[in-house]
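The values are calculated or read from the model by the stated rules, or taken from the named source; none is laboratory data. In this text the structure is predicted, and so the values were computed from the model without any measurement. No Cβ is skipped: glycine too gets one built from the backbone with ideal geometry, and neighbour counts run over all protein chains shown.
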Amino acid sequence: MSTISDESSTSTFHNFTFGRRIPFQKNTVLYDAFLHLRDRFKNGMGVCPEIVKVPPNIGMNVWLAVHTISFHNDLSVLYSLVSSQCSPISCPIMSAGAAYSYLWTHPSGHNDPKSLTAIKYVNETLGWCESELDGGIEGGLVTADEEGMIDFPPYFDSIMKNTLCHFFRIYSHIYYTHYQHVSESSFADALELGFKWFIFFVVEHHLVFLFFFHFSFISSTIRYQKRKLHLFMTQLRDSMSLRVRWRYLRISLTH
């Protein structure tokens, strides 16, 4: 693990440590949903469209929160592997190649977009997530009451959509800039499976419009992964009712 030190004078979350996970607080609805998700994996369901469907006894906001925390934890560990390679000098802007550069905006939409180095962008995203989605921190978005229930704010889903958009950009950056480094580690499969899980989730719950316009960065730049990606997208198309959304996938895969 490596702790952010560069640009710390202007970073709100400069003490965030890559590799750190957000825990699920026991005796809460989030913990119950986490156990349900874990059981799905343990029962051999694997990464497939069915695993992201909302269980009948769990609310959508709870399911959204559990997955957002899980994706945060995966990305925190994955990025800890490449953070030493992702300096302000090597990655002066958050990007997925020359064609796609990303500006930072607060997930709540309270600030104007601004350019950050890649490591600062990831630091801000994961640090904000931890401050708002760690149930042990008072005043966050998922603080539970004495009965373990959570009173989600009315804008919760909108904030989570923006957060997932930032997550996609982190995946983009890792795939485009640091994939070789990850592929030489023991976490290559974790990256691929985590990304598939992420995509199945955003497609199933209609968060897809935030992401698929940028899919060409994978197919056009990671050529040795293109066939695997195409097979995955074919599986996604055959497994789920995408129709119009599939057109964007098909276009990005052929350009």
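Below is a table of values for the structure above.
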| quantity | calculated |
| --- | --- |
| Verdict on residue 108 being among the hydroxyl-bearing types (Ser, Thr, Tyr) and farther than 24 Å from residue 77 by Cβ | yes |
| Failed item, numbered, when residue 142 is tested on (1) over 27 Å from residue 47 (Cα atoms); (2) in a loop (DSSP other than H, G, I, E, B) | (1) |
| Residue check, residue 29 at pLDDT 90 or above, buried (at least 18 other Cβ atoms within 10 Å of the Cβ), over 21 Å from residue 75 (Cβ atoms) and not polar (S, T, N, Q) | yes |
| Pairs where the first residue, in region 32-59, is assigned to a loop (DSSP other than H, G, I, E, B) and the second is among the aliphatic types (A, V, I, L, M), C-beta under 7 Å, 6+ apart | 45/51; 47/193; 54/60; 58/33 |
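Table: residues versus (1) more than 30 Å from residue 28 (Cβ to Cβ); (2) surrounded by fewer than 23 Cβ atoms within 10 Å (Cβ to Cβ); (3) at pLDDT below 90.
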| site | (1), (2), (3) |
| --- | --- |
| 89 | yes, yes, no |
| 94 | yes, no, no |
| 108 | no, yes, yes |
| 128 | no, yes, yes |
